[in-house]
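The values are calculated or read from the model by the stated rules, or taken from the named source; none is laboratory data. Fair warning: this is a prediction, and the values are worked out from it, not measured in the lab. Here Cβ is always computed from backbone atoms with ideal geometry, including for glycine, and neighbour counts include all displayed protein chains.
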Amino acid sequence: MDFAIAITYALQPHLHNTDFIWDSVFVGLDVGEKHLRKLPCKGYALMLLLGEFSDITFSTGNCSSSISLPGDMLMFRPSEVKCTNFGSGGCFAIVLYESGTRDDHRPIDTLRQKSLAERWRENEDLEELMTVDCGPYDPNDPAYFKGPLPHLQAEYTKGPSPYSQRLPVFEITSDVCYPSVPSVANGRGGHYNLVQACCEKSNHLHKRPKINKECHFIDITIDDDFTTPKGRKMAIDGLRGPSDTIFFTGPCTGGSKWTQYNAKRGGKTLAKIERRREVFWTLWDYFHIVAKHAVRVGARILIELPRGCSYWHDPRMIEFLVKHGFNYADFDGCMYGLVARHGPEMGHPINKPWRIACLNSSLGSFLDRLCNKGHDLPHTRCGGQNTIETQAYTPRIADIIRRSLRNDVRALKHVNGSQSTCSPRL
């Protein structure tokens, strides 16, 4: 997987504006027709030549396109490829292709690979099995993972983050330029973008209030498919500099506290849990590509999962958060108007323990209320249809996030204005 991601980084500038997708990588030394034609490829593949060699030529079936030099790339159908000779030297061929297999690695009989949205809907019945049932937050409960920063911050950072102290921070953007969203780039000054990756269509955060008239919302829903070049391009185009934000809300079901119990059932239940985990980490790999661009241009990054989610423990998550110095906004949904809207306990507060990892954000000083057990009604479990609705947050949570974004953008304008005023004249 690390090698596949490295290839993605290397080829992203070349494939940025195409619809080519792949799920498998083949690497071979001195390969020929017989090797390439055995690849279980559906449709077209992309081949890249590397190494030191001579007198080797790969061509398509009609010989209209061919490659013969290191660094050359060819789009072809493996069943039609031709190789005139093996030449001399070491020729490495890297082939990206779509294998046409399902999440459980069984062949697909249809003409195309199922989209992420279709795979997600296949497992909707898993929601009830893996819902979160949490009581009031206990800071001494070892089941709650506190994240890497409390015990690693001294090693990786120098003192507390200035964002946690509400201090203005001057961001320096990269000289790397990407095309931005036309409707924002060409509009009046002061606009900023909020890119929501893997969000619900009906989430409250998207609703435009008076305080965020300058915010442009770019929603990448499950139907847009964040794993496709189109979905990632939507995100990268929307992240132009420090005023813009990427908010990643990947599916958390496979990492919930109940999965460790339900996984013991084995069989189909375990297979569904593993597929859910695979979906999340597939999305994470592609989010990591977008996040590298966000870090490069100094954009704001938010990552939301329940506090008890096992994904916070994963080395991939910990390494990324620690490397870039994230801080946390920990809060309980019951303190921000999260109540059951279905079932016999309708109106009872739901104690959903949320965590948002933040980079270049003051959100941790805005969204930090934990359950104080002062509700008139007892908590009810977060299950069934109530679970799905909590993914859209509450109006109060959405309002606080929007106010935090506005505060950060204004702080940047203030710092930039001060820098201009205090600059010495030449």
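Go through the residues of the stretch 220-230 one by one and say whether even a single one is outside any loop (DSSP other than H, G, I, E, B), of a type outside the set (V, I, T), surrounded by fewer than 22 Cβ atoms within 10 Å (Cβ to Cβ) and at pLDDT below 90. Yes. Residue-level analysis places F280 outside the set of residues that are of a type in the set (F, W, Y) and either in contact with a Leu (Cβ under 6 Å, 6 or more places away or on another chain) or buried (at least 23 other Cβ atoms within 10 Å of the Cβ) (or both). Taken together, T57, T84, T8 contain a single residue that is surrounded by 13 or more Cβ atoms within 10 Å (Cβ to Cβ), β-branched (V, I, T), over 30 Å from K268 (Cα atoms) and at pLDDT 80 or above, which is T57. Can you name the residue in the stretch 231-248 that is touching a residue at least 60 places away in the same chain (Cβ under 8 Å) and of a type in the set (D, E, K, R) and, of all such residues, is surrounded by the most Cβ atoms within 10 Å (Cβ to Cβ)? Looking at the filtered set, the residue picked out is R240. Restricted to the stretch 238-293, and to residues there that are charged (D, E, K, R) and assigned to a loop (DSSP other than H, G, I, E, B), the residue that is farthest from H206 (Cα to Cα) is K257. Restricting the search to the stretch 403-425, which residues are modelled with pLDDT of 90 or more and more than 13 Å from S243 (Cα to Cα)? Selection gives R403 alone.
Residues in the stretch 294-308 that are farther than 19 Å from L194 by Cβ and over 16 Å from the mean Cα position of the chain (by Cα): R307, G308.
Taken over the stretch 266-281, the residue count meeting the criterion of being on the phi < 0 side of the Ramachandran plot and without any contact (Cβ under 8 Å) to a residue 60 or more places away in the chain is 6.
Among the strands (runs of 3 or more DSSP E) confined to the stretch 299-372, the ones with at least 2 residues that are acidic (D, E) are located at 327-332.
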